[in-house]
Amino acid sequence: MIKKTLTVTPRLGLHARPAGRLVGVAASFKSEVMVCKEGVEINGKSIMQMLTLGAECGAQITVRVSGPDEAEALAAIEMLLAAYREFADEEAAESAFEERRRRKAERR
């Protein structure tokens, strides 16, 4: 089990689109992904739970990952949030994330 505190970087917080991307990334791994904000812990693979978290831009969330691909899952989630921090436009951030993820997979 590994965990890390991360900052929510989409400028509108984890509203439907970035929350959906985060859930999609989490769901692409076998490991369990839990996200905690201010003592409330939710399943990181559930869009409904993610939306109820109310994680605004700048909020601190703790991501806890447990399972066979935990390191890769946490790295992918970090990479997604880093892309949102780097690009103000959500589409540009998501495109950059996908490109970086593709390049990383090719290196393996």
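Observations, loosely collected:
- At least 18 Å along the helix axis (C-alpha) and Kyte average at least -0.5, DSSP helices within the chain: 70-86
- One chain, two ends: Thr7 and Cys57. Fully extended at 0.36 nm per residue, the span grows by 17.2 nm beyond their Cα-Cα distance.
- The chain shape via C-alpha gyration tensor axes, a/c threshold 1.5: oblate
- Alpha-carbon centroid distance for the pair segment 3-50 / segment 63-84, whole angstrom: 10
- Helix-only mean residue ellipticity at 222 nm for the chain, each DSSP H run of n ≥ 4 adding -39500 (n - 2.57), per residue, nearest 500: -15500 deg cm²/dmol
Values in this text are rule-based calculations from the coordinates and carry no lab data. Remember, it's a predicted structure, so these values are computed and weren't measured experimentally.
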